[in-house]
Amino acid sequence: MKFLFSLLLPVVALCAQQGFGNPNAPASVPANSGRPAPDSAIHHIGERFGGGIVFYVYDHGKHGLIAATSDQRAGVPWYNGLTRYTGAHADGLGEGANNTKIIISKLIKDDENGFFAAKVCADYSVKAGGIVYKDWYLPSKYELNLLYRQKKTVGGFRNENYWSSTEYKSN
C-alpha cells in the first residue's frame, strides 16, 4: 500500500533485493547481475550477505530477502512529478521487484531524469567483497512489513514514514 500523506513529510526509500536462492529467478544467473552463481549455503536473518543484511529467510535458509544496510534517501517522492496510477498493486513475497519495474516504466515518461522512490532503489548499487550488487528494488508492502519485524536485527528504522512499491488504489 502506498502511504497517503503529504509529500512534505520526510519519506524514506529503503531498498531490498531477492538476495539468494530466488525460486522465481531464471535458472541461470545473468552475467551482468554481479551475483555469484547460486549455492546451497544456508543463510540467517541478520547475516551480511549480497551487499546488505538478510532480513527474511524461508526453505530453511536456502531462499530469502536482503535489505540495504542503510536508508537510501529521506524526502523522496513516490511519484515522478505527476500523480498518476501505475497499476503496481501486487503485495506479497517477491512482488516488490515487479512493482518497481512497473512503477519505473510508467513514471519515467514524466521526467527521464526522474527522482522517485522506485528509481532510487533500482539505481542503487553497492560493492561488497569485490562484487557489485545492483539488483535492488522498492519492497512491496508485505516485504516492508517483514523487514520492519526485524528492525532491531537489521539496524532499526528511523521514526519516519517509508515507501513501499505497493500502490494504494481507492475505489
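Once you have the Cα-Cα distance between residue 115 and residue 168, take 0.36 nm times their residue separation minus that, and quote the gain in nm to one decimal.
On the way: separation 53, 0.36 × 53 = 19.08 nm, distance 2.00 nm.
Working it through step by step, the gained length comes to 17.1 nm.
Sorted by mean Cβ packing within 10 Å, highest first, what order do the peptides 99-108, 158-167, 76-85 take? Walk me through the numbers on the way to the answer.
Values: 99-108: 20.1, 158-167: 18.5, 76-85: 15.6.
Going by the mean number of other Cβ atoms within 10 Å, highest first, we get 99-108, 158-167, 76-85.
Counting only heavy atoms of the protein chains, get the accessible area per residue of the stretch 48-154 (1.4 Å probe) and round it to a whole Å² value.
50
Looking only at Cα atoms, what is the convex hull volume of the stretch 104-171 per residue, in Å³?
Details: hull volume 9.3 nm³, N = 68.
Taking the convex hull of the Cα positions in the stretch 104-171, it is 137 Å³ per residue.
For the stretch 87-140, with all protein chains present and a 1.4 Å probe, just round the carbon and sulfur fraction of the accessible area to a whole percent.
Details: 1220 of 2560 Å².
Carbon and sulfur atoms account for 48 percent of the accessible area of the stretch 87-140.
Hey, got the Cα dimensions of the stretch 33-132 along the principal axes, in Å, largest first?
Between the extreme Cα coordinates on each principal axis of the stretch 33-132 lie 44, 28, 24 Å.
Amide H to amide H, which residues 5 or more places from residue 63 or on other chains are under 5 Å from it, using H placed in the peptide plane?
Those qualifying (amide H under 5 Å, at least 5 residues apart or on another chain) are 58.
Quick one: dipole size for the stretch 34-108, taken about the Cα centre, charges +1 on Lys/Arg Cβ and -1 on Asp/Glu Cβ, in debye to the nearest 20.
Details: 7 positive and 6 negative charges, 66 e Å.
About 320 debye.
Mind ranking 136-145, 46-55 by how tightly packed they are, going by the mean number of other C-beta atoms within 10 angstrom, highest first? Write down the numbers at each step before the final one.
Numbers: 136-145: 24.9, 46-55: 20.6.
Going by the mean number of other Cβ atoms within 10 Å, highest first, we get 136-145, 46-55.
The values are calculated or read from the model by the stated rules, or taken from the named source; none is laboratory data. Note that the structure is predicted; figures quoted are calculated from it, not measured. Note: ideal-geometry Cβ built from the backbone for every residue, glycine included; neighbour counts use all protein chains shown. To get the accessible areas, we keep the full protein, side chains included, count just its heavy atoms, and leave off ligands, DNA and RNA. Shrake-Rupley method; radii C 1.70, N 1.55, O 1.52, S 1.80 Å.
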